[in-house]
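Q: Here it is, the structure, as structure tokens.
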Amino acid sequence: MTDRTHGATGTDKVMTPEDVVGRLRSGMTIGIGGWGSRRKPMALVRALLRSDITDLTVISYGGPDVGLLAAAGRIRRLVAAFATLDSIPLEPHFRAARERGDLAFTELDEAMFMWGLHAAANRLPFMPVRAGLGSDVMRVNPELRTVTSPYPGDDGAHEEFVAVPALRMDAALVHLNRADRLGNGQYLGPDPYFDDLFCEAADTAYVSCERLVETADLTKDAPPQSLLVSRHAVTGVVETPNGAHFTSCVPDHDRDEAFQKLYATTPWPEFAERFLSGANEHDYQSAVQAWHKERQQ
């Protein structure tokens, strides 16, 4: 297992998408940060699709990362609270995979999912939560257990909680606005999307970013609390301009709504052949630019 405090070459953790995928294996449990169709590490997901890695357990607040991997038949089990494109409520390729029975699905309440990340980040086997009690989450996940508090409440009763299991991962993939070569990562948008928890909950963590900067520049024009991910939790850093496409990564870029609609309405073989059959991320970005130019003619 990689020593995540030392990345690729000592303190310099800069890698390529292919370097990252070269450290992943079939059968792994992979966590993917972001939320729905927002700040997803899509360049790393596309690199994963160019490999022969399969039989994955994917943990995600699902978006097109889940849709792409499901359409390509790479997911054995999905652990998620939802799979959405935000402006398109239900991820269509995820839906199709579920209807075909292509993957197993562990569906958790959003809060249960978050506390599962907290449990893993703190190396606990589970976290007690109230979320899920009295809901169908317990019915559709019969493997979930409850625990009774050893401490009585004000009324003398011992409260029952859902014991949410830790969402441990072999590797986490997240995308941020900025990062330095050491592995410190910064978000500049409105929400951290739990990316720090994904990194802390994984044995290895890989951060893609819109731009690599010097460490001193991370707080030059942004508050210290924007430093979301610390280098101690990061194995590798990848500079991928527009690497969250077609999801949003504000303030660097908004969601590419036109392209997302194309993705959602185009048969998978046709979409994959045109946009995902290239040799690298540059080929994907070039194909997207060509498509946009065609629309303008």
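Q: Return the single residue from HIS158, HIS232, HIS282 with maximal mean-square fluctuation; model: Gaussian network over the chain, springs between Cα atoms under 10 Å.
A: HIS158
Q: Please state the shape class of segment 9-75: rounded when a/c is under 1.5, otherwise prolate if a/b exceeds b/c and oblate if not, all from the C-alpha gyration tensor. Intermediate results must be reported in sequence, preceding the final value.
A: Working: a/c = 1.92, a/b = 1.32, b/c = 1.46.
Here segment 9-75 falls in the oblate category.
Q: Another one. Would you count, across the chain, every pair of lysines whose alpha carbons are under 22 angstrom apart, provided the pair is eight or more residues apart or spans two chains?
A: Values: LYS13/LYS40; LYS13/LYS220; LYS40/LYS261; LYS261/LYS293.
Qualifying lysine pairs in the chain: 4.
Q: Take every Cα pair under 8 Å in the chain that's 6+ residues apart, average their separations, divide by the length, and report that relative contact order as a whole percent. Write out the running numbers ahead of the final one.
A: Values: 644 pairs, mean separation 63.3, N = 297.
Computed value for the chain: 21 percent relative contact order.
Q: Take the Cα atoms of the chain, find their three principal axes, and give me the spread along each one in whole Å, biggest first.
A: 71, 48, 34
Q: Now for a separate question. So what is the relative contact order for segment 126-165, in percent, with contacts set as C-alpha pairs under 8 Å and at least six apart? Intermediate values should be presented prior to the final figure.
A: Numbers: 53 pairs, mean separation 21.7, N = 40.
Worked out over segment 126-165, it gives 54 percent.
Q: On to the next question. Mind telling me which of TRP115, TRP35, TRP268 comes out most flexible in a GNM of the chain, alpha-carbon contacts under 10 Å?
A: Of TRP115, TRP35, TRP268, the most mobile in the Gaussian network model is TRP268.
Q: At q = 0.13, 0.18, 0.23, 0.26 Å⁻¹, what log₁₀ I(q)/I(0) does segment 160-244 have when each alpha carbon counts as one equal point scatterer in the Debye sum?
A: -0.40, -0.69, -1.05, -1.30
Q: Under 1.5 on a/c is rounded, so check that first for segment 49-102, then, if it is not, pick prolate when a/b is larger than b/c and oblate when it is not; a ≥ b ≥ c are the square roots of the alpha carbon gyration tensor eigenvalues.
A: Details: a/c = 1.63, a/b = 1.56, b/c = 1.04.
Prolate shape, in that a/c is at least 1.5 and a/b is the bigger ratio.
Q: Another question, if that's okay. Taking the chain as a Gaussian network, Cα atoms linked when under 10 Å apart, which of LEU262, LEU49, LEU85 shows the biggest mean-square fluctuation?
A: Most flexible of the set in this elastic network: LEU262.
Q: Along the Cα→Cβ direction, 7 angstrom out, place labels at GLU18 and GLU160. What is the inter-label distance in nm?
A: 5.6 nm
Q: With runs of 4+ DSSP H residues as the only contributors, calculate the mean residue ellipticity of the chain at 222 nm using -39,500 (n - 2.57) per run, divided by the residue total and rounded to the nearest 500. Spell out each step's value before the answer.
A: Numbers: 10 runs with 85 residues, N = 297.
So the helix-based figure for the chain works out to -8000 deg cm²/dmol.
Q: Pick out, in residue order, every one of the GluC sites (Glu not before Pro) in segment 137-203 that is DSSP loop and has at most 12 other C-beta atoms within 10 Å; say none if there are none.
A: On the way: sites: GLU143, GLU159, GLU160, GLU200; in loops: GLU143, GLU159.
Hits after loop and neighbour filter: GLU143.
Q: Here's another thing I want to ask about it. What is the extension gain from ARG76 to LEU124, computed as 0.36 nm multiplied by their sequence separation minus the C-alpha to C-alpha distance, in nm to one decimal? Walk me through the numbers before you get to the answer.
A: Details: separation 48, 0.36 × 48 = 17.28 nm, distance 2.49 nm.
Roughly 14.8 nm would be gained on extension.
Q: Same structure, new question: Taking a spot 7 Å from the Cα of ASP221 along the direction of its beta carbon, which residues of segment 160-203 have an amide N less than 19 Å from it?
A: 176-181, 185-191
Q: Per residue and in Å³, how big is the convex hull formed by the alpha-carbon atoms of segment 193-282? Don't jump to the answer; show the numbers that get you there.
A: Numbers: hull volume 12.6 nm³, N = 90.
In segment 193-282, the Cα hull volume divided by residue count equals 140 Å³.
Q: Could you tell me the ratio Rg/Rh of segment 126-165? Both radii from Cα atoms, Rh via Kirkwood.
A: Details: Rg = 10.9 Å, Rh = 10.7 Å.
Computed over Cα atoms, the ratio is 1.02.
Laboratory data are not the source of any read-out in this text; all were calculated from the coordinates shown. It should be emphasised that the depicted structure is a prediction, and the values quoted were computed from it without experimental measurement. When we count neighbours, we look across all protein chains shown, and the Cβ atoms used for this are built from the backbone with ideal geometry, even at glycine.
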